[in-house]
Amino acid sequence: MEIRVRCQKSPIISPDLGNGRVSLLLCPESAVLPRITAGHGIVPWGGGSCTAVLRRWSGSSGPREGNRLVLGVALPRIFGLQAIEVLIPVGDPPRNRKVPMKAFVLAGGAGTRLSPLTSYVPKGMIPIAGKPFIDYVIIYLAGHGIRNIIMLLSDEDSEVYRNHLDDGSKYGVNIGYSISPRTGTANALKDASSLIDSTFLVYYGDVLTTLDLTDMIRFHREKKATCTVALSTGVRIDYGVGRVDKDGRIEYFEEKPVIKEYPVSIGVCLCEPAVLKYCSSGSDIAANVIPTLVAKGERVYGYLTPEPHHDIGSFKQLDEVKKILKTQAKSQTKNSSKQD
């Protein structure tokens, strides 16, 4: 399809269903580009800096045959125009179109170490610096172009997440749900296997990181890996470590070191569909599936990053994350004030 918008006293929109592209034309004398936004996938803009985000939509009334795309067109104030929305009937996407990557967010755990707090609110819904922790996860994934997100949840907490996240449109992403019993992270992934048809991301929903996910995806594809695990070389362990000789004399001792020779898994991995055959009820992705993949000689790679990670699995870690996010929020507020 093709959409043409000419910035005059009133916008003119003419869809041309054909090559699957979206284009936007301005008056030649205009130096300001409008921005088109909505929510399925980002469409690269040729010849300009604008982007278009498309979201599949089905109305509660009217014809139901086929699909429609919703485009919200927001024009700069200089044109004196209100935001407009266009509904355009479209067919199925071309078969050669690149399939967007899906992220599967593990958020169905009981969070027992945060009890009794988690008796009332799921771990990922704990508010930190003004919003639920899961919001930071969704925003992080969206920032790396991951627009299709599946929440892997349990019956006990699925309703709370659904009520808050809904379909993901408020974040500019699509959010789906897979509900399964609490019988291990591998089983949660296995139960969502019908949604997996290409390379996918597994992300532990209680983790905060600044890992360069975009580069990790490049690395995974370059290595033709079956599984790529994100490993941090910048994490300090919580204990002092030592090395002794054969007589028991200490040769080396350091309190809470960063041991780069043994990088730490940060709860993020990229997988191919072949990984699913190693998933079973009662097993864990990190404790069982990844070691089995290595033992079976599958192409398992480690993506090394100096970036640390933080999770909210305990009250101590939760307090650390609160400090980090509050500091970031203050810094962003100051930067916004300077720009204004």
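The values are calculated or read from the model by the stated rules, or taken from the named source; none is laboratory data. The structure presented is a predicted model; accordingly, all values stated were derived computationally and were not measured. Cβ coordinates were reconstructed from backbone atoms using ideal geometry, including for glycine residues, and neighbour counts include every protein chain displayed. Only protein heavy atoms, including side chains, enter the accessible area calculation; ligands, DNA and RNA are left aside. Shrake-Rupley method; radii C 1.70, N 1.55, O 1.52, S 1.80 Å.
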Considering residues that are in contact (Cβ under 8 Å) with a residue 40 or more places away in the chain, of a type in the set (D, E, K, R) and either closer than 20 Å to Tyr177 by Cα or in a strand (DSSP E or B) (or both), the number found within the range 101-144 is 2
> Going by the conditions given, is Thr209 open to solvent by less than 20 Å² (accessible area, probe 1.4 Å), under 21 Å from the mean Cα position of the chain (by Cα) and not aliphatic (A, V, I, L, M)?
Replying inline: yes
Exactly one of Lys322, Lys277 is farther than 19 Å from Phe104 by Cα, surrounded by fewer than 18 Cβ atoms within 10 Å (Cβ to Cβ), out of contact with any Asp or Glu (no Cβ under 6 Å at 6 or more places or on another chain) and among the basic types (Lys, Arg), and that residue is Lys322
Screening Tyr177, Tyr161 for residues that are outside any helix (DSSP H, G or I), in contact with a strand residue (DSSP E or B) (Cβ under 7 Å, 6 or more places away or on another chain) and either open to solvent by 30 Å² or more (accessible area, probe 1.4 Å) or not hydrophobic (A, V, I, L, M, F, W, C) (or both) leaves only Tyr177
Within the range 193-206, residues being surrounded by 21 or more Cβ atoms within 10 Å (Cβ to Cβ) and either of a type in the set (D, E, K, R) or assigned to a helix (DSSP H, G or I) (or both) number 1
message: Condition check: over 22 Å from the mean Cα position of the chain (by Cα) and either surrounded by fewer than 13 Cβ atoms within 10 Å (Cβ to Cβ) or farther than 16 Å from Val105 by Cβ (or both). Does Glu222 satisfy that?
response: no
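For every residue, the table says whether it meets (1) in contact (Cβ under 8 Å) with a residue 60 or more places away in the chain; (2) among the hydrophobic types (A, V, I, L, M, F, W, C).
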residue: Gly240; (1), (2): no, no
residue: Val244; (1), (2): no, yes
residue: Phe253; (1), (2): no, yes
residue: Lys277; (1), (2): no, no
residue: Gly282; (1), (2): yes, no
residue: Pro291; (1), (2): no, no
residue: Ala295; (1), (2): no, yes
residue: Leu325; (1), (2): yes, yes
field: Check on Gly242, touching a strand residue (DSSP E or B) at 6+ places or on another chain (Cβ under 6 Å) and either surrounded by 14 or more Cβ atoms within 10 Å (Cβ to Cβ) or under 19 Å from Ala110 (Cα atoms) (or both)
entry: no
Inside the range 180-231, the number of residues satisfying the requirement of being among the aromatic types (Phe, Trp, Tyr) and either more than 26 Å from Gly282 (Cβ to Cβ) or in contact with a Lys or Arg (Cβ under 7 Å, 6 or more places away or on another chain) (or both) is 2
By residue number, the members of the range 245-269 that are of a type in the set (A, V, I, L, M) and surrounded by 10 or more Cβ atoms within 10 Å (Cβ to Cβ) are Val258, Ile259, Val264, Ile266, Val268
Please verify whether the range 322-334 includes one or more residues that are modelled with pLDDT of 85 or more, within 20 Å of the chain's Cα centre (by Cα) and among the hydrophobic types (A, V, I, L, M, F, W, C).
no
The condition of being of a type in the set (Lys, Arg), within 30 Å of Thr233 (Cβ to Cβ) and buried (at least 17 other Cβ atoms within 10 Å of the Cβ) holds, among Lys123, Lys190, only for Lys123
